[in-house]
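These notes are about the structure you will find just below.
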Amino acid sequence: MATIDVPEQVSVLADAEALRKACKGWGTDEKAIISVLGHRNAVQRKQIRLAYEDLYQEDLIKRLESELSGDFEKAVYRWILDPADRDAVLANVAIKKLSPDHHVIVEISCTRSPEELLVVRRAYQARYKHSLEEDVAAHTKGDTRKLLVALVSAFRYDGEEINTRVANSEAKILHEAVKDKEFNHEEIIRILSTRSKMQLMATFNRYRDDHGTTITKNLEGDSGDEFLKTLRPTIRCLNDPKKYFEKVLRNSIRRVGTDEDALTRVIVTRAEKDLKDVKELYYKRNSVPLDQAVAKDTTGDYKALLLTLLGKED
């Protein structure tokens, strides 16, 4: 369930005017920006952008980028983009980093629905004049490349039907590969990149029932192994995305120095999806409400925006 609080009736023209006013004159009214954008869903934010451009012949995103700075500017920019466009930007930034963030590519390809991933790939092409697959392939190598290209290219069956016989046999295949420490086995890549999420959950459950432990617990190995570092989050994202996002949030806050990129990414991408469930999981796991942990670790307008998206005003 979503955490953002959206009013029943919205005037996109009034919103566009309020944002223009917030950006005019000396100093920017950040509170006004948060009070409008922090309470609008993706469809409304798009309508506001179009209304703003219509009224003022100016790109709202560019205007906000020039008015704001730091983590707050980055969070507003991520939030105001269409979800697919945002994922395209997140993927591109992750790929082009000196040390690529493979887990961000995994996150986008394994926690979005097949239709959503298809739209992300279209948005990526439109924005960067390359395909997501070719950029992932150009910035990775070896088995990690094979896994990531297969994941971003996937168009899985998205229904509820599962085949118990397949779950049983593929749980065996996974166990054999893991037991022999053949983590990069082509069958692992095939299973993870082609099966539906419901089918994979049945396979992972069969693995756990047969062997008394989860597959991720068995994926121990060299902590510097790039392929393993990509494989573990792949299985977590496919099997239990809420649990995965809770862990990303926990790690982003617990670090010495907050990982603002991860914190912003999860809150912004999940606020209209399942952030309420992730919040509940976070509290169960850490005995501290997520908004309290975020408030303690962030400051200023950045903190105010994140708390608004978490459904808790500062």
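In region 276-293, is there at least one residue being buried (at least 20 other Cβ atoms within 10 Å of the Cβ), in contact (Cβ under 8 Å) with a residue 40 or more places away in the chain and basic (Lys, Arg)?
For region 276-293, residues buried (at least 20 other Cβ atoms within 10 Å of the Cβ), in contact (Cβ under 8 Å) with a residue 40 or more places away in the chain and basic (Lys, Arg): present.
What are the pairs, 6+ residues apart or on separate chains, where a residue within region 146-171 that is without any contact (Cβ under 8 Å) to a residue 12 or more places away in the chain and more than 14 Å from Met201 (Cα to Cα) has its Cβ under 6 Å from a residue that is of a type outside the set (Asp, Glu) and in a helix (DSSP H, G or I)?
none
Within region 268-307, how many residues are among the hydrophobic types (A, V, I, L, M, F, W, C), within 17 Å of His39 (Cβ to Cβ) and not in a loop (DSSP other than H, G, I, E, B)?
Residues that pass the stated criteria total 6.
Output yes when any residue across region 183-198 is crowded, with 17+ Cβ neighbours inside 10 Å, of a type outside the set (S, T, N, Q), over 30 Å from Gln125 (Cβ atoms) and at pLDDT below 95, and no when none is.
For region 183-198, residues crowded, with 17+ Cβ neighbours inside 10 Å, of a type outside the set (S, T, N, Q), over 30 Å from Gln125 (Cβ atoms) and at pLDDT below 95: present.
If you go through region 96-116, how many residues are in contact (Cβ under 8 Å) with a residue 12 or more places away in the chain, over 13 Å from the mean Cα position of the chain (by Cα) and closer than 19 Å to Phe227 by Cα?
Number satisfying all stated conditions: 2.
Going by the structure shown, is Ile61 hydrophobic (A, V, I, L, M, F, W, C), in contact (Cβ under 8 Å) with a residue 40 or more places away in the chain and either surrounded by fewer than 20 Cβ atoms within 10 Å (Cβ to Cβ) or touching a helix residue (DSSP H, G or I) at 6+ places or on another chain (Cβ under 7 Å) (or both)?
no
Tally up the residues in region 199-217 that are surrounded by 18 or more Cβ atoms within 10 Å (Cβ to Cβ), of a type outside the set (Lys, Arg) and farther than 18 Å from Cys110 by Cα, please.
Of the residues in that region, 1 qualify.
Residues of region 19-50 being part of a helix (DSSP H, G or I), surrounded by 18 or more Cβ atoms within 10 Å (Cβ to Cβ) and among the small types (Gly, Ala, Ser), which ones?
Ala22 - this is the single residue of region 19-50 that is part of a helix (DSSP H, G or I), surrounded by 18 or more Cβ atoms within 10 Å (Cβ to Cβ) and among the small types (Gly, Ala, Ser).
Do you know which of the residues in region 51-86 that are small (Gly, Ala, Ser) and in a helix (DSSP H, G or I) is farthest from Thr298 (Cα to Cα)?
Among residues in region 51-86 that are small (Gly, Ala, Ser) and in a helix (DSSP H, G or I), the one farthest from Thr298 (Cα to Cα) is Ala51.
Kindly provide the set of residues from region 69-88 that are touching a residue at least 12 places away in the same chain (Cβ under 8 Å) and surrounded by fewer than 17 Cβ atoms within 10 Å (Cβ to Cβ), ordered by number.
Gly70, Asp82 - these are the residues of region 69-88 that are touching a residue at least 12 places away in the same chain (Cβ under 8 Å) and surrounded by fewer than 17 Cβ atoms within 10 Å (Cβ to Cβ).
Scan region 107-116 and give yes if some residue there is within 25 Å of Gly38 (Cβ to Cβ), open to solvent by 10 Å² or more (accessible area, probe 1.4 Å) and among the acidic types (Asp, Glu), otherwise no.
yes
So if I check each of Val93, Val119, which one is of a type outside the set (S, T, N, Q), farther than 30 Å from Asp225 by Cα and open to solvent by 10 Å² or more (accessible area, probe 1.4 Å)?
Only one candidate qualifies: Val119.
Based on this model, can you work out whether Lys141 counts as more than 18 Å from the chain's Cα centre (by Cα), within 23 Å of Ser99 (Cβ to Cβ) and crowded, with 17+ Cβ neighbours inside 10 Å?
Against the criterion (more than 18 Å from the chain's Cα centre (by Cα), within 23 Å of Ser99 (Cβ to Cβ) and crowded, with 17+ Cβ neighbours inside 10 Å), Lys141 does not qualify.
Is it the case that Thr264 is in a helix (DSSP H, G or I), surrounded by 16 or more Cβ atoms within 10 Å (Cβ to Cβ), touching a residue at least 12 places away in the same chain (Cβ under 8 Å) and of a type in the set (S, T, N, Q)?
The answer is yes for Thr264.
Taking only region 141-163 into account, find how many residues are part of a loop (DSSP other than H, G, I, E, B) and either under 16 Å from Val104 (Cβ atoms) or among the β-branched types (Val, Ile, Thr) (or both).
Total satisfying the criteria: 1.
The values are calculated or read from the model by the stated rules, or taken from the named source; none is laboratory data. Everything numeric in this text was worked out from a predicted model, so none of it was measured. Glycine also receives a Cβ, built like all others from the backbone with ideal geometry; neighbour counts cover every protein chain displayed. Accessible surface is based on the protein model in full, side chains and every heavy atom, while ligands, DNA and RNA are left aside. Shrake-Rupley method; radii C 1.70, N 1.55, O 1.52, S 1.80 Å.
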